[in-house]
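Encoded as structure tokens, the structure appears first; notes follow it.
No value in this document is a laboratory result; all are computed from the given coordinates. Please read all numbers here as calculations on a predicted model, not as lab measurements. No Cβ is skipped: glycine too gets one built from the backbone with ideal geometry, and neighbour counts run over all protein chains shown.
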């Protein structure tokens, strides 16, 4: 955006075909300009110094130095927004998530084979992620994450006295959200009420992300399946490309995973999740809206508050993109804006007796 008003992008990929396809695809958008391309990390470093791009798209699997190592060396010196373009394979998905931990902002999945429709879908997604990344504060994207537990062992945070709580926790996030979730979910005690997360992320990556959270958390974390029953100590992550809803089933709550049109520009949509929580759980819902561009979740959070639920959003100081929580704040949806350090304690207090004393006590424990 330096002088031209366009978002200037550096495309980094060891495949000449991929570089050409991405360059041609992005050139169709009047607000995006491909300033240059690079075939490996060394060339990318030189092009970054020379071209000073607004956003970098990065392939992970590259010769001489892979994308993750490149991010670790690059970002401390050149804090640029980076969008990972990764193959949808088990190895590709796992390494793409590692790239997010290293400071990349988002992931876009490469199409498999010569799928033209898949390529078109990828280019649309990539253009959207580039726009989001160009507005992000990358200095907030490298939040330290907990180290994985030893093989076969899970962390065991003490219970918080929430056994028997009838609350349902719903969390929505987009750009920068994985770093926050990597911080707060491992802090959840074993008796944390059932929790449902919508994180804007492509299919396959959501399952890998849930598996990563599960390894570092005392609670069980997994990708949601249609009909799963919410229970204490369980965190469900919405599958990529499916809407997720909380539905009442007798005295229990289940989740429904289904296709459908995009809502608020997304599938899964935070608004869809929050709307369902307001309708099915009412004043038993506790909602938290995290960092992300746009307004997905803002209207839904307001609906949860109107139904008597507890509502919170991430503060601007810790948000990579203050779009979603900022829009919610303008509507008067959150009771309070929270730093990352305050989130777990506030959720626990909101799921307890609900008294001001309980909330103050939980917050004081988080500060110690």
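A few points about this structure:
- For the chain, built as a Gaussian network whose Cα springs stay under 10 Å, the top-fluctuating residue of 39, 319, 93: 39
- Choice from 242, 58, 21 showing the highest fluctuation, given a GNM over the chain with Cα pairs closer than 10 Å: 21
- Folded to 0 to 90 degrees: helix 116-134 orientation relative to the chain principal axis, Cα: 80 degrees
- Cα-based convex hull, the chain, per residue volume (Å³, whole number): 137 Å³
- Whole-number percent relative contact order across region 7-138, with pairs defined as alpha carbons under 8 Å at least 6 apart: 23 percent
- If the chain linking residue 131 and residue 77 were pulled fully straight, counting 0.36 nm for each residue of separation and taking away their Cα-Cα distance, it would gain 17.2 nm.
- Rounded to 10°, Cα long-axis angle of helix 90-101 versus longest principal axis of the chain: 80 degrees
- Mean projected area of the Cα convex hull of region 212-278, taken over all directions, amounts to 4.8 nm².
- Taking 7 Å steps out from each Cα toward its Cβ at residue 158 and residue 279 produces label points 4.2 nm apart.
- Among beta bridges that DSSP assigns inside region 168-367, antiparallel share in %, nearest 5: 25 percent
- Fewest-first sequence of 130, 184 by Cβ atoms within 10 Å of each Cβ: 184, 130
- DSSP bridge orientation in the chain - percent antiparallel, rounded to nearest 5: 20 percent
- Distance between modelled label sites at residue 251 and residue 119, nm, 7 Å Cα→Cβ extension: 5.8 nm
- Region 168-367: relative contact order in percent, alpha carbon pairs under 8 Å with at least 6 residues between: 19 percent
- Histogram of C-alpha separations across region 265-334, 10 Å bin width, %: 26, 55, 19, 0
- Here is how the number arises for the chain: DSSP H runs of 4 or more residues each give -39500 (n - 2.57), the sum is divided by the residue count, and the result at 222 nm is -11000 deg cm²/dmol.
- GNM result for the chain, Cα springs below 10 Å: residue of 324, 201, 65 fluctuating most strongly: 65
- Tilt relative to the chain, helix 270-281 - C-alpha long axis, 0 to 90 degrees, to 10: 10 degrees
- Secondary structure note: in region 213-288, about 70% of the DSSP beta bridges are antiparallel.
- Region 168-367: Rg to Rh, with Rh as the Kirkwood radius over Cα pairs: 0.92
- FRET efficiency, residue 112 to residue 69 (Cβ-Cβ, R0 22 Å, nearest 0.05): 0.30
- Its convex hull of Cα atoms gives region 7-138 a direction-averaged projected area, equal to a quarter of the hull surface, of 7.0 nm².
- Calculated Rg and Dmax of region 81-142 using C-alpha coordinates, Å: 12.2, 37
- Short-range pairs are left out: with C-alpha atoms under 8 Å and at least six residues apart, the relative contact order of the chain is 11 percent.
- Burial ordering of 216, 175, fewest other beta-carbon atoms within 10 Å first: 216, 175
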